[in-house]
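Chemist: Quick one: this structure, given as structure tokens, is what I'll be asking you about.
The values are calculated or read from the model by the stated rules, or taken from the named source; none is laboratory data. Nothing here was measured: the structure is a model prediction, and the numbers come from that model. Note: ideal-geometry Cβ built from the backbone for every residue, glycine included; neighbour counts use all protein chains shown. SASA here: full protein model, heavy atoms, side chains in, ligands and nucleic acids out. Shrake-Rupley method; radii C 1.70, N 1.55, O 1.52, S 1.80 Å.
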Amino acid sequence: MVWGVPSYPCDMELTTLDWVIVAGYFALALAIGLWASRDAGKSAKSFFLAGRNMPWWLLGISMVATTFSTDTPNLVTGLVREQGVSGNWGWWAFLLTGMLTAFVYAKLWHRSGVLTDIEFYELRYGGKPAAVLRGFRALYLGLVFNVLVMGTVSLAAIKLGGILMGWPGWLTLAITGVITLSYSALGGLRAVILTDLLQFILAMVGSIWACAYILDLEAIGGLSNLLSHAQVSTKTAMLPDFNDASQWVPILLVPLAVQWWASYYPGAEPGGGGYIAQRMFSAKDESHAMGAALLFNIAHYALRPWPWILIALASIVVFPELNDLQAAFPDVPADKLGHDLAYPAMLSLLPPGLLGLVAASLLAAFMSTMSTQLNLGASYLVNDFWVRFIRPNATDEEQVAAGRFTTILSLILGSGLGLLLTDAGQAFNLLLLIGAGTGGLFILRWFWWRINAWTELVAMAGSLLVAGYFTFVHDHLTESVWASHEKLVWGALITTMVWIIGTWLTPAESDETLRKFVAKVQPGGPGWKRFANEDHSGAGWAVPRGILSMLFGSAGVYATLFAVGSWLYGDVATTCLLAGVAVISVLIIVRLNRRRA
């Protein structure tokens with residue numbers, strides 16, 4: 001092993017058929033990039049937003065594909081092995097954010113007409129503070145935050161390539177990185193979205209087929225034997241034990257009461273944002289933006305998790321403890337050994353052909369997330385920093401060239417970080433903590449005129465300081481070590497208080513800026529009454545109906561998620577009851593949205 005670069009042994013080897021499948025996917029992804037490059041270089045709008053002409057179903061699938069990276073099943077596996085199925089509430093709770101985006105914010109984002117969600121700052125705010133905010137946010141999200149996300153997914157790709165293919169980490173990242181870079185830099189967002197479609201199909205087929213095969217293994221003996229296994233039966237509950245506050249408080253209460261609105265997390269930003277906003281910007285119209293966000297939330301939360309969960313449960317039978325994983329893969333470095341390693345370890349049991357398909361699907365998932373982050377990060381750095389502050393008269397050709405250069409830079413930084421990280425859950429908790437407390441601001445800035453550019457600057461600075469304190473200082477200064485959920489709650493409360501106080505201590509935005517924002521976006525509501533355009537005074541405010549739709553939509557998706565789980569567990573009565581709840585929720589949502597505001 002080269003110093004600092006992990007490599008793993010592999011008890012099985014990919015056959016010629018497996019390699020043909022993997023190579024075939026790589027070739028097809030490159031072909032899509034070459035085809036999409038015909039239009040991508042025409043303008044910045046074509047490169048970063050695919051011409052603003054994408055249909056809802058393609059954008060929704062692209063959101064799902066991007067959110068499913070190689071680290072996602074690893075993270076789910078780690079949660080299930082350590083906390084049980086109910087441990088997934090740590091990310092299931094973000095459905096509330098997603099539904100609020102679908103029914104409230106999708107239309108507002110599309111009306112804004114901006115190229116990136118960071119450009120929004122100089123639409124909502126004015127003057128030098130808005131410019132400083134836009135520039136700082138572009139560098140922070142385009143480099144720091146974006147690189148951290150890419151480092152996380154790169155870590156999972158390293159583990160996947162090591163166990164399934166016997167590749168050292170640098171080789172996995174080099175091969176996938178070059179291909180991802182090629183189609184992302186050539187074809188822009190259009191190539192990313194089209195390859196996402198292919199990646200989604202591969203990922204779904206691969207995960208479901210792999211799950212079926214693993215459940216049929218002799219060591220597992222089918223689904224019923226798995227669920228009745230002594231070490232598995234204690235992990236299957238979809239809700240935590242309400243008699244034990246140490247379980248239900250961090251697993252269920254904190255995510256549903258605080259985390260979903262308070263934390264800024266990729267793909268689940270309160271108020272929308274990031275690549276979700278980018279997809280909505282590229283939609284044909286408001287209805288397509290809303291439809292894309294809705295499809296994403298249904299597929300991501302209700303349809304996709306169960307194959308990962310069942311494989312995670314099966315891994316408890318095959319590799320009960322970390323020592324068993326270490327024994328099966330003795331050359332895995334200690335700093336890369338974690339419960340999240342069990343997912344790729346289980347995939348090493350697959351037969352030829354299926355192994356190649358699953359390997360290709362997981363590499364595709366990794367490349368999907370990386371390509372989106374590369375294009376999104378490039379849009380921030382080019383549109384919101386380089387063009388805005390350095391070269392405001394840059395031609396479209398120069399902007400596209402700059403976008404391709406920053407794509408290369410981001411890939412190098414993200415891959416390098418992936419070689420340094422150790423565990424998927426480690427980065428997940430850090431990302432949550434960094435954004436804790438800023439979520440309420442991202443929600444309210446659309447509906448409360450008093451929020452200003454200084455509010456966001458104070459919130460970002462406060463969030464970073466609080467996250468740094470709880471991550472690197474607190475546990476060393478105090479006798480008690482706080483759990484991650486305690487740090488999240490206190491971080492959210494402190495940051496929220498800081499930006500609320502900062503709002504009242506700093507001057508409001510000018511009336512001219514606020515009136516222009518209201519005229520363009522038409523957010524409505526009592527928070528904008530004094531700035532409302534009289535031409536829209538008779539229009540009904542759509543937000544109350546949107547919030548009701550969000551609540552019933554969340555109930556419907558959760559009901560569907562648990563109905564699938566109850567069906568797998570053999571509980572027919574609960575399955576029928578939950579299916580009924582899902583159907584009723586859909587009918588109510590249709591009725592609520594029959595007439596558009």
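Chemist: Please tell me if Ala93 is at pLDDT 90 or above, under 16 Å from Gly377 (Cα atoms) and not charged (D, E, K, R).
Modeler: no
Chemist: I would also like to ask the following. If the requirement is being at positive phi and open to solvent by 10 Å² or more (accessible area, probe 1.4 Å), which of these qualifies: Arg81, Arg111, Arg52?
Modeler: After ruling out the rest, the residue left standing is Arg52.
Chemist: Scanning for something closer than 26 Å to Thr70 by Cα, touching a Gly at 6+ places or on another chain (Cβ under 9 Å), modelled with pLDDT under 95 and part of a helix (DSSP H, G or I), does the stretch 194-212 turn up at least one residue?
Modeler: yes
Chemist: Continuing with the same structure: Is it true that some residue in the stretch 60-74 is more than 29 Å from Leu354 (Cβ to Cβ), surrounded by 22 or more Cβ atoms within 10 Å (Cβ to Cβ), in contact with a Ser or Thr (Cβ under 7 Å, 6 or more places away or on another chain) and modelled with pLDDT of 85 or more?
Modeler: For the stretch 60-74, residues more than 29 Å from Leu354 (Cβ to Cβ), surrounded by 22 or more Cβ atoms within 10 Å (Cβ to Cβ), in contact with a Ser or Thr (Cβ under 7 Å, 6 or more places away or on another chain) and modelled with pLDDT of 85 or more: absent.
Chemist: If Thr116 satisfies every condition in (1) closer than 30 Å to Gly556 by Cα; (2) assigned to a loop (DSSP other than H, G, I, E, B) but one, which is the exception?
Modeler: Only one criterion in (1) closer than 30 Å to Gly556 by Cα; (2) assigned to a loop (DSSP other than H, G, I, E, B) is unmet by Thr116, namely (1).
Chemist: Now, a different point. Take the residues of the stretch 213-235 that are open to solvent by 60 Å² or more (accessible area, probe 1.4 Å) and assigned to a helix (DSSP H, G or I): which is farthest from Ala29 (Cα to Cα)?
Modeler: Ala230
Chemist: Just to be sure I understand the filter: pairs with C-beta atoms under 9 Å, separated by 6 or more residues or on different chains, first member in the stretch 71-94 and closer than 17 Å to Leu252 by Cα and of a type in the set (S, T, N, Q), second member open to solvent by 20 Å² or more (accessible area, probe 1.4 Å) and modelled with pLDDT under 90. Which pairs pass?
Modeler: Final answer for the pair search is Gln83/Gln247; Ser86/Gln247.
Residue-wise test of (1) modelled with pLDDT of 80 or more; (2) open to solvent by less than 20 Å² (accessible area, probe 1.4 Å); (3) part of a helix (DSSP H, G or I).
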site: Val132; (1), (2), (3): yes, no, yes
site: Gly135; (1), (2), (3): yes, yes, yes
site: Tyr140; (1), (2), (3): yes, no, yes
site: Leu143; (1), (2), (3): yes, no, yes
site: Asn146; (1), (2), (3): yes, yes, yes
site: Ile163; (1), (2), (3): no, yes, yes
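Chemist: So for the stretch 150-157 (the condition being of a type in the set (Ser, Thr, Tyr), in contact with an Asp or Glu (Cβ under 6 Å, 6 or more places away or on another chain) and part of a helix (DSSP H, G or I)), does at least one residue qualify?
Modeler: Scanning the stretch 150-157 turns up at least one residue that is of a type in the set (Ser, Thr, Tyr), in contact with an Asp or Glu (Cβ under 6 Å, 6 or more places away or on another chain) and part of a helix (DSSP H, G or I).
Chemist: I've got another one for you. For residues that are within 17 Å of Gly267 (Cβ to Cβ) and open to solvent by 10 Å² or more (accessible area, probe 1.4 Å), tally how many sit in the stretch 334-368.
Modeler: 0
Chemist: May I pose another question? Please give the helices (runs of 4 or more DSSP H) falling wholly within the stretch 268-362 in which 3 or more residues are in contact with a helix residue (DSSP H, G or I) (Cβ under 9 Å, 6 or more places away or on another chain) and within 30 Å of His229 (Cα to Cα).
Modeler: Here the list reads 305-318, 322-328, 342-347.
Chemist: With the requirement that a residue be open to solvent by 30 Å² or more (accessible area, probe 1.4 Å) and hydroxyl-bearing (Ser, Thr, Tyr), what does the stretch 543-557 give you?
Modeler: Of everything in the stretch 543-557, nothing turns out to be open to solvent by 30 Å² or more (accessible area, probe 1.4 Å) and hydroxyl-bearing (Ser, Thr, Tyr).
Chemist: Next up: Pairs please, first residue from the stretch 167-194 and more than 14 Å from Ala378 (Cβ to Cβ) and open to solvent by 10 Å² or more (accessible area, probe 1.4 Å), second anywhere and of a type in the set (Lys, Arg) and at pLDDT 80 or above, Cβ atoms under 9 Å, 6+ apart in sequence or on different chains.
Modeler: Between residues of the stretch 167-194 that are more than 14 Å from Ala378 (Cβ to Cβ) and open to solvent by 10 Å² or more (accessible area, probe 1.4 Å) and residues that are of a type in the set (Lys, Arg) and at pLDDT 80 or above, there is no close pair.
Chemist: Given Ala268, Ala203, which one is of a type in the set (A, V, I, L, M, F, W, C) and touching a Lys or Arg at 6+ places or on another chain (Cβ under 9 Å)?
Modeler: When all the criteria are applied, what remains is Ala203.
Chemist: Still on this structure, I have one more. Scan the stretch 243-260 and tell me whether some residue there is in a loop (DSSP other than H, G, I, E, B), open to solvent by 20 Å² or more (accessible area, probe 1.4 Å) and of a type in the set (Asp, Glu).
Modeler: yes
Chemist: Given Leu568, Leu578, Leu592, which one is within 18 Å of Leu100 (Cβ to Cβ), surrounded by 15 or more Cβ atoms within 10 Å (Cβ to Cβ) and either touching a residue at least 12 places away in the same chain (Cβ under 8 Å) or not aromatic (Phe, Trp, Tyr) (or both)?
Modeler: Leu592
Chemist: So in the stretch 466-489, with the set limited to residues that are assigned to a helix (DSSP H, G or I) and surrounded by fewer than 13 Cβ atoms within 10 Å (Cβ to Cβ), which one is modelled with the highest pLDDT?
Modeler: Val473
Chemist: A further question follows. With the requirement that a residue be under 30 Å from the mean Cα position of the chain (by Cα) and either open to solvent by less than 60 Å² (accessible area, probe 1.4 Å) or without any contact (Cβ under 8 Å) to a residue 12 or more places away in the chain (or both), what does the stretch 505-524 give you?
Modeler: Phe517, Val518, Val521, Pro523, Gly524
Chemist: Give Ser282, Ser287 a once-over and let me know the one that is of a type in the set (S, T, N, Q) and open to solvent by 10 Å² or more (accessible area, probe 1.4 Å).
Modeler: Ser287
Chemist: Further, regarding this structure: When Ala459 is evaluated against the numbered criteria (1) among the aliphatic types (A, V, I, L, M); (2) modelled with pLDDT of 85 or more; (3) more than 23 Å from the chain's Cα centre (by Cα), which criterion, by number, is the only one it fails?
Modeler: (3)
Chemist: Just a yes or no: is a residue in the stretch 442-459 without any contact (Cβ under 8 Å) to a residue 12 or more places away in the chain and either farther than 21 Å from Asp117 by Cβ or among the charged types (D, E, K, R) (or both)?
Modeler: No, because not a single residue in the stretch 442-459 is without any contact (Cβ under 8 Å) to a residue 12 or more places away in the chain and either farther than 21 Å from Asp117 by Cβ or among the charged types (D, E, K, R) (or both).
Chemist: Continuing with the same structure: Taking only pairs six or more apart or across chains, which ones have beta-carbon atoms under 8 Å, a first residue in the stretch 225-249 that is free of Cβ contacts under 8 Å to residues at least 24 places away in the same chain, and a second residue that is part of a helix (DSSP H, G or I) and among the aromatic types (Phe, Trp, Tyr)?
Modeler: Cβ pairs passing all conditions: Asp241/Trp248; Phe242/Trp248.
Chemist: If you don't mind, another one. Of the residues Ala277, Ala299, Ala210, which is crowded, with 23+ Cβ neighbours inside 10 Å and under 24 Å from Ala555 (Cα atoms)?
Modeler: Going through Ala277, Ala299, Ala210 in turn, just one is crowded, with 23+ Cβ neighbours inside 10 Å and under 24 Å from Ala555 (Cα atoms): Ala277.
Chemist: Given the condition in contact with a Ser or Thr (Cβ under 6 Å, 6 or more places away or on another chain) and at pLDDT 90 or above, answer yes or no: does some residue in the stretch 31-51 qualify?
Modeler: no
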